[in-house]
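Novice: Below: one structure in structure tokens.
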Amino acid sequence: MIDAVSALVRGTRMVYTPGLRRFVFVPLAINLVLYSITLWVLFNQFGGWIDYWMLKVPAWLDWLSWLIWPVLVVSLLLVVFFTFSLVTNLIAAPFYGILAEKVEHRLDGTLIDDDRGLMKIGVDSLGREMAKLGYFIPRMIALFIIGFIPGLNLLSPLLWGLFSAWSMSIQYLDYPMDNHQVSFGDMKQRLKARWWPSLTFGAAVFVMTLVPLANLLFIPGAVAGAVLMWQSHYRQLPAPRR
């Protein structure tokens, strides 16, 4: 079975080969625009955000300011780049679904029987992304609340890191599963059944999103890597019992 890092590296190499490159250009352009906006916001607002939240620290915790400040910085960076990933995937989802289909055909000749038109595919992809947001947002709110609880908020970077890894596994491994009409609920059950490959793949993808510029190239590669993970770890799993 292929491991998470190998899948990501091999997938990235694959999407930039002739025959697949043309399916990367549009999502790559979307990522470039949104990433530029994200960096602009960070450069102009990040210092103000840090100052604002440091003022919210209770006076009796002033002696821990040396620890709270880096925890706050890491937490905000995780939130910003996680949000960036969510927004880019929301907009580029139809293109990533097509890319996943083409990668799978390249790998083993699989032809996915889908007679929907391009417009219907786009609408269905948007609906699937909304389902993901419905899963992500309540958990993000819970993590924000934890960030305000003295003492417990020291665990915030760790919790955000684990959540980000799990969310990235859901986000990218869903593309090949959605192509094979695996429901959102069944998809989550399959990821839980192979929780270690799921978490390591999600963690590898999330780490790549933190690397400036390189993340733009790795995001389409993560889609191809997800197809490799699907074929190696999840495709053979039986559908969960109802």
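Novice: Given axes a ≥ b ≥ c from the Cα gyration tensor, I'd like to know whether region 148-242 is rounded (a/c under 1.5), prolate (a/b larger than b/c) or oblate. Each step should come with its number before you reach the end.
Specialist: On the way: a/c = 2.66, a/b = 1.34, b/c = 1.98.
Oblate is the answer for region 148-242, as a/c is 1.5 or above yet b/c matches or exceeds a/b.
Novice: How much FRET efficiency would the formula 1/(1 + (r/R0)^6) give for residue 29 and residue 214, where r is the Cβ-Cβ distance and R0 is 22 Å, rounded to 0.05? Can you show the working numbers first?
Specialist: On the way: r = 17 Å, r/R0 = 0.76.
E(calc), rounded to 0.05, equals 0.85.
Novice: If 3, 186 are ordered by their accessible area, calculated over protein heavy atoms with a 1.4 Å probe, which sequence runs from highest to lowest? Mind showing how you got there, number by number?
Specialist: On the way: 3 80, 186 20 Å².
Largest accessible area first, the residues go 3, 186.
Novice: Right, here's the next one. Using a cut-off of 11 Å between beta-carbons, work out the net charge of the residues near residue 86 (Lys and Arg +1, Asp and Glu -1, residue 86 not included). Don't jump to the answer; show the numbers that get you there.
Specialist: Numbers: positive: 132; negative: 129.
In short, 0.
Novice: Given the C-alpha centroids of region 163-195 and region 197-213, what is the distance between them in whole angstrom?
Specialist: If we compute the Cα centre of each part, the gap is 15 Å.
Novice: Could you order the peptides 195-203, 18-26 from most to least packed, using the average number of other C-beta atoms within 10 Å per residue? Write out the running numbers ahead of the final one.
Specialist: Working: 195-203: 19.4, 18-26: 13.6.
Sorting 195-203, 18-26 by mean packing, highest first, produces 195-203, 18-26.
Novice: Measuring from label point to label point, each 7 Å out along Cα→Cβ, what is the residue 192 to residue 126 span in nm?
Specialist: My value for the distance between the label points is 3.1 nm.
Novice: What order do you get for 133-140, 166-173, 94-101 when each peptide is scored by the mean count of other beta carbon atoms within 10 Å, highest first?
Specialist: Working: 133-140: 13.1, 166-173: 24.9, 94-101: 22.4.
The densest-packed peptide leads the list: 166-173, 94-101, 133-140.
The values are calculated or read from the model by the stated rules, or taken from the named source; none is laboratory data. Source: prediction; values computed, not measured. Every residue, glycine as well, gets a Cβ built from its backbone with ideal geometry; the counts of neighbours run over all protein chains shown. Ligands, DNA and RNA are stripped out before the accessible areas are found, and what is left, the full protein with its side chains, is counted by its heavy atoms. Shrake-Rupley method; radii C 1.70, N 1.55, O 1.52, S 1.80 Å.
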